[in-house]
Amino acid sequence: PSDAQSRGHTYFEIPKASKANPQTSVTAILCLSGLPADLTASILAHEATHAWIKLHPSFNPSMPIPLQVEEGVCQLVAMLFLTDGLEEASKVNEGDGGPSDEKLRQYFKFSIETDTSEVYGEGYRKAAKAYAHIGIEALLSHIVTYREFPNI
């Protein structure tokens with residue numbers, strides 16, 4: 001991955017690009033080892049969303065989804081996973097002087113919400129706004145079909 005801050009990456013390929021409507025396949029989802037559990041979970045949720053998009057029947061690899069749209073919705077799914085997809089985080093630190101799981105989770109969510117990048121940060125905020133109006137299923141369907149955020 002070219003992004004210096006990348007902790008995960010999804011690789012996909014186009015098996016027979018000569019077809020009129022080529023299908024794609026996901027060959028790997030990679031994540032760094034040694035990261036805190038909640039960060040690993042959110043990275044895998046983000047990367048699994050890339051995989052879902054690439055495997056969706058409406059995805060056309062010859063007309064890729066703009067980065068801000070795809071990364072934004074993937075960040076939204078990571079945030080939703082951190083917010084509602086995990087067990088309650090421990091409020092006690094493990095005695096190693098580090099922050100508790102609860103504090104780490106708060107920080108990971110804060111990092112997504114306050115990201116200043118045009119692709120990830122602004123993409124997340126646009127995805128979150130759309131999600132608040134139409135929900136995740138309609139948002140994902142719209143993005144894979146129209147390759148843009150819905151007008152809200």
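The values are calculated or read from the model by the stated rules, or taken from the named source; none is laboratory data. Note that the coordinates shown come from a computational prediction; the quantities given were computed from them, not determined experimentally. Note that we place each Cβ from the backbone using ideal geometry, even for glycine, and neighbour counts take in every protein chain shown. Only protein heavy atoms, including side chains, enter the accessible area calculation; ligands, DNA and RNA are left aside. Shrake-Rupley method; radii C 1.70, N 1.55, O 1.52, S 1.80 Å.
Points worth noting:
- So Asn151, is it assigned to a loop (DSSP other than H, G, I, E, B) and either touching a residue at least 24 places away in the same chain (Cβ under 8 Å) or open to solvent by less than 80 Å² (accessible area, probe 1.4 Å) (or both): no
- Matching entry among Tyr124, Tyr146 (being of a type in the set (Phe, Trp, Tyr), within 18 Å of Thr49 (Cα to Cα) and free of Cβ contacts under 8 Å to residues at least 12 places away in the same chain): Tyr146
- Taking helices (runs of 4 or more DSSP H) as the structural unit, those lying wholly within the stretch 21-120 and holding at least 3 residues that are modelled with pLDDT under 95, within 25 Å of Leu139 (Cβ to Cβ) and open to solvent by less than 30 Å² (accessible area, probe 1.4 Å) correspond to 37-55.
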